[in-house]
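Inspection log for the structure reproduced underneath, given as structure tokens.
The values are calculated or read from the model by the stated rules, or taken from the named source; none is laboratory data. All figures in this text were calculated on a predicted structure; none of them were measured in a lab. Because the Cβ atoms are built from the backbone with ideal geometry, glycine has one as well, and the counts that use them run over all protein chains shown. Protein only, heavy atoms only, side chains kept; ligands, DNA and RNA dropped before computing areas. Shrake-Rupley method; radii C 1.70, N 1.55, O 1.52, S 1.80 Å.
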Amino acid sequence: ASIKYTGVDYLFTIKGSNVKIIGVTATFTNGGSFISIANTTGSYIREFIFNNIITVGATHFIDDSDSTSNYVSMYIDTVECKGQLGRCLSIAHSFAFLLIKDLTSDATGRNTNANFTHFWFENSAGMQLSHVEAEGGLVNSYDATNAGFYFKNCQAVWIDKCLADTCAGAGFYQDLGCQYFYISNSAASLCCGFGFLLNGSYNQFTGCWVV
């Protein structure tokens with residue numbers, strides 16, 4: 001399905017369990033966003049599948065800032081976000097298990113810094129990222145707040161074959177409250193900040209590089 005969305009808010013708002021969105025191409029003409037997860041039930045909601053999706057010109061792919069309760073079991077696979085205008089993922093209420101495969105947040109083609117962090121994770125646990133890429137715009141100044149990947153108060157995180165490219169801040173930024181990260185075969189290239197800035201504990205770090 002192909003959708004042209006002219007709104008400024010969310011194309012989809014999810015408030016319950018067992019949701020699948022598959023095979024959608026969505027073009028945003030006024031900076032709207034693709035999905036809001038708004039769990040205000042006071043208990044877990046669960047089972048989400050987002051697969052084979054392309055967005056063009058969106059602010060967020062997924063944003064859960066309207067949630068007050070956690071959710072579990074989210075699967076994201078084969079998603080390309082072109083012309084990204086804000087955080088591709090803004091996740092703060094995910095609790096076991098979040099699986100992300102083959103997701104690209106692409107802000108190339110800009111003539112200024114991408115003034116956002118591509119993938120933001122906070123207060124979440126139990127996630128696996130594989131072949132996830134943050135692709136920034138033209139970087140002409142350092143900005144510590146605009147990383148490729150950002151984690152705060154997150155535990156039990158597996159990162160494999162991920163890339164942060166041309167970000168104004170760190171490629172991978174692990175803030176306070178993080179532990180048990182397993183990072184392998186991943187790279188930070190042409191970022192203005194550190195390639196990998198790890199402030200947590202009990203990290204395992206293998207086969208990664210900075211260029």
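Which condition breaks for Phe151 when tested against (1) within 24 Å of Asp77 (Cβ to Cβ); (2) open to solvent by less than 10 Å² (accessible area, probe 1.4 Å); (3) touching a Ser or Thr at 6+ places or on another chain (Cβ under 7 Å)?
Phe151 satisfies every listed condition except (3).
Among the numbered criteria (1) at pLDDT 90 or above; (2) in a strand (DSSP E or B), which one does Thr117 miss?
Here Thr117 meets the rest and fails (2).
Could you grab me the full set of residues in the stretch 136-148 that are closer than 18 Å to Leu103 by Cα, of a type outside the set (A, V, I, L, M, F, W, C) and buried (at least 22 other Cβ atoms within 10 Å of the Cβ)?
Gly136, Gly148
Only one of Thr59, Thr78, Thr55 is in a strand (DSSP E or B) and either touching a residue at least 40 places away in the same chain (Cβ under 8 Å) or open to solvent by 10 Å² or more (accessible area, probe 1.4 Å) (or both). Can you tell me which?
So the residue among Thr59, Thr78, Thr55 that is in a strand (DSSP E or B) and either touching a residue at least 40 places away in the same chain (Cβ under 8 Å) or open to solvent by 10 Å² or more (accessible area, probe 1.4 Å) (or both) is Thr78.
So, restricting to strands (runs of 3 or more DSSP E) that lie completely within the stretch 138-211, which ones have at least 1 residues that are on the phi > 0 side of the Ramachandran plot and either under 19 Å from the mean Cα position of the chain (by Cα) or of a type in the set (Ser, Thr, Tyr) (or both)?
155-160, 179-184, 201-206
Can you tell me which residues in the stretch 154-167 are surrounded by 23 or more Cβ atoms within 10 Å (Cβ to Cβ) and within 14 Å of Asp106 (Cα to Cα)?
Hits for the stretch 154-167 are Cys162, Ala164, Cys167.
Please tell me if Trp120 is touching a residue at least 12 places away in the same chain (Cβ under 8 Å), under 22 Å from Cys192 (Cα atoms) and aromatic (Phe, Trp, Tyr).
yes
If the requirement is being farther than 20 Å from Phe121 by Cβ, more than 18 Å from the chain's Cα centre (by Cα) and not aromatic (Phe, Trp, Tyr), which of these qualifies: Thr27, Thr13, Thr68?
Residue meeting the stated conditions: Thr27.
State which residue is surrounded by the fewest Cβ atoms within 10 Å (Cβ to Cβ) when the search covers only the stretch 96-135 and only residues that are over 17 Å from Cys178 (Cβ atoms) and among the hydroxyl-bearing types (Ser, Thr, Tyr).
Selected residue: Thr112.
Starting from the stretch 26-51, take each residue that is open to solvent by 20 Å² or more (accessible area, probe 1.4 Å) and modelled with pLDDT of 95 or more and list its partners that are among the hydroxyl-bearing types (Ser, Thr, Tyr) and in a loop (DSSP other than H, G, I, E, B), counting only C-beta distances under 6 angstrom and pairs at least six apart or across chains.
Every condition considered, the pairs that remain are Thr29/Thr6; Asn30/Thr6; Thr40/Thr68; Thr41/Ser69; Gly42/Ser69; Arg46/Ser17; Glu47/Ser17.
Report, by residue number, each residue of the stretch 170-193 that is surrounded by 24 or more Cβ atoms within 10 Å (Cβ to Cβ) and closer than 21 Å to Gly109 by Cβ.
Gly171, Ala188, Cys191
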